[in-house]
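Here is the structure we will look at, set down as structure tokens.
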Amino acid sequence: MFSRIREDIANIIARDPAARNEWEVITCYPGFHAVVMQRWANWFWLHDLKWLGRFTSHIARWLTGIEIHPGAKIGRRVFIDHGFGVVIGETAEVGDDCTIYQGVTLGGTSLSKGAKRHPTLGTGVIIGAGAQVLGGFTVGEGAKVGSNAVVVREVPAGATAVGNPARIILKDNARDEAAARMFAAYGVTPNGDDPLSKALHGLIDNAATQEHQIEKILAALKCAGIDCETLITTEKFDPEELNKLVE
């Protein structure tokens with residue numbers, strides 16, 4: 001037990017630049033307190049002391065503002081940063097080296113008793129503040145969920161989920177793979193644009209290219225003596241302005 005506690009403390013100091021020393025982590029970090037007390041509650045739960053497990057969980061919630069069901073499976077070196085308002089359901093599984101920020105829900109969408117209702121987080125997953133991960137699916141190893149995302153389907157390993165409902169950004173080259181290995185606070189990654197924004201930028205750029213091509217065709221026809229009917233022009237198309245609006 002004490003080796004796990006030392007491991008948790010070292011992990012928090014490594015991930016949080018605000019953590020100055022071990023004593024500060026032990027006395028002032030509710031995420032650390034919640035994880036330690038969940039281990040006690042889980043031990044009671046697994047040894048058929050269900051009420052005692054729930055009561056321990058209830059006391060931990062009262063002390064830390066973090067609610068973890070005693071039946072949940074929490075891996076090693078899990079860091080719940082700030083943590084207020086975090087809810088982790090009974091059948092949730094949190095893998096090793098995961099980071100969970102405040103306001104996160106690992107919740108269920110089913111009322112079936114005994115079923116897998118809550119998500120499974122693979123190793124090294126980061127869940128940003130306010131994100132809601134709802135359902136009995138898997139968030140793959142090294143994946144990231146952006147702040148305030150609402151995830152209701154599986155997230156592949158190494159991918160990033162953003163938005164409501166969440167859209168999946170898949171890594172597509174070596175640079176993305178290197179970024180995926182980096183720690184990303186709150187699930188925010190460098191150049192991690194929303195895929196919808198990327199699609200709109202692509203459409204705007206494509207429209208601008210087509211307009212330029214049409215102007216060249218009309219100029220060539222005019223030089224050849226072919227006069228084309230001129231339609232009533234509307235406001236000038238400005239791709240730069242539209243791209244700013246999308247951003």
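What are the residues in the stretch 150-169 that are of a type outside the set (D, E), within 14 Å of L121 (Cβ to Cβ) and surrounded by fewer than 24 Cβ atoms within 10 Å (Cβ to Cβ), if any?
Result: P156, A157, G158, A159.
Residues in the stretch 209-219: is at least one open to solvent by less than 30 Å² (accessible area, probe 1.4 Å), part of a helix (DSSP H, G or I) and modelled with pLDDT under 80?
No: zero hits.
Look at G65 and say whether it is of a type in the set (G, A, S), under 13 Å from V139 (Cβ atoms), open to solvent by less than 30 Å² (accessible area, probe 1.4 Å) and in contact with a Phe, Trp or Tyr (Cβ under 9 Å, 6 or more places away or on another chain).
For G65, the condition - of a type in the set (G, A, S), under 13 Å from V139 (Cβ atoms), open to solvent by less than 30 Å² (accessible area, probe 1.4 Å) and in contact with a Phe, Trp or Tyr (Cβ under 9 Å, 6 or more places away or on another chain) - is not met.
Exactly one condition in (1) outside any loop (DSSP other than H, G, I, E, B); (2) surrounded by fewer than 21 Cβ atoms within 10 Å (Cβ to Cβ) is not met by R77; state its number.
Tallying (1) outside any loop (DSSP other than H, G, I, E, B); (2) surrounded by fewer than 21 Cβ atoms within 10 Å (Cβ to Cβ), R77 fails exactly one: (1).
Of the residues in the stretch 80-90, how many are touching a Pro at 6+ places or on another chain (Cβ under 9 Å) and either hydroxyl-bearing (S, T, Y) or assigned to a loop (DSSP other than H, G, I, E, B) (or both)?
5
I need a count of the residues in the stretch 1-29 that are touching a residue at least 12 places away in the same chain (Cβ under 8 Å) and open to solvent by less than 40 Å² (accessible area, probe 1.4 Å).
So the answer is 8.
Is it fair to say H58 is surrounded by fewer than 20 Cβ atoms within 10 Å (Cβ to Cβ) and in contact (Cβ under 8 Å) with a residue 40 or more places away in the chain?
Here the answer is no, as H58 does not meet what is asked.
Kindly check whether there is at least one residue in the stretch 163-181 that is under 17 Å from the mean Cα position of the chain (by Cα), polar (S, T, N, Q) and at pLDDT 75 or above.
So far as the stretch 163-181 goes, yes, one or more of its residues are under 17 Å from the mean Cα position of the chain (by Cα), polar (S, T, N, Q) and at pLDDT 75 or above.
How many residues does the stretch 98-128 hold that are buried (at least 20 other Cβ atoms within 10 Å of the Cβ) and outside any strand (DSSP E or B)?
10
Could you list, in sequence order, the residues of the stretch 1-58 that are of a type in the set (A, V, I, L, M, F, W, C) and not in a helix (DSSP H, G or I)?
Across the stretch 1-58, the qualifying residues are M1, A18, A19, L49.
Name the one entry in I59, I88 that is within 21 Å of A129 (Cβ to Cβ) and β-branched (V, I, T).
I88
The values are calculated or read from the model by the stated rules, or taken from the named source; none is laboratory data. This one's a predicted model, so the numbers in the text were calculated from it and none came from an experiment. Backbone-built Cβ (ideal geometry, glycine too); neighbour counts: all protein chains shown. With ligands, DNA and RNA removed, areas are computed over all heavy atoms of the protein, side chains included. Shrake-Rupley method; radii C 1.70, N 1.55, O 1.52, S 1.80 Å.
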